[in-house]
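Throughout, read-outs are computed from the coordinates displayed, never taken from laboratory work. None of these values were measured; they are calculated from a predicted model. Note: ideal-geometry Cβ built from the backbone for every residue, glycine included; neighbour counts use all protein chains shown.
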Amino acid sequence: MSGGIGSARRESSDGAVSGSIPSQRTASDAYRVSDDQLHAARKVVAENSSGSEDLRELLDMLGLISSSPDLPPPVSR
């Protein structure tokens, strides 16, 4: 069995298959990002917004800030 494009499995010369398949992400993992990813996303949005209201609206739509000061943003660390 040989590894195809994008395959994590590899066949050695003796026929043994090695490699690991990453575990499946859960629904809760989809909203978890690192601090660096969150900072980078906010920075890109800020650099490409046309003004402060546009920035607030875009960050809110992307879940990078909360629409209510009492609630955490949908995208969390």
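Laid out as a table, the results:
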{"item": "Length added when fully stretched, Leu62-Val33, from 0.36 nm per residue minus Cα-Cα", "result": "9.1 nm"}
{"item": "Lys43 versus Ser23: modelled label distance in nm, points set 7 Å from Cα along the beta carbon direction", "result": "3.1"}
{"item": "Mean Cβ count within 10 Å, highest first, over the residues of peptides 36-48, 56-68", "result": "56-68, 36-48"}
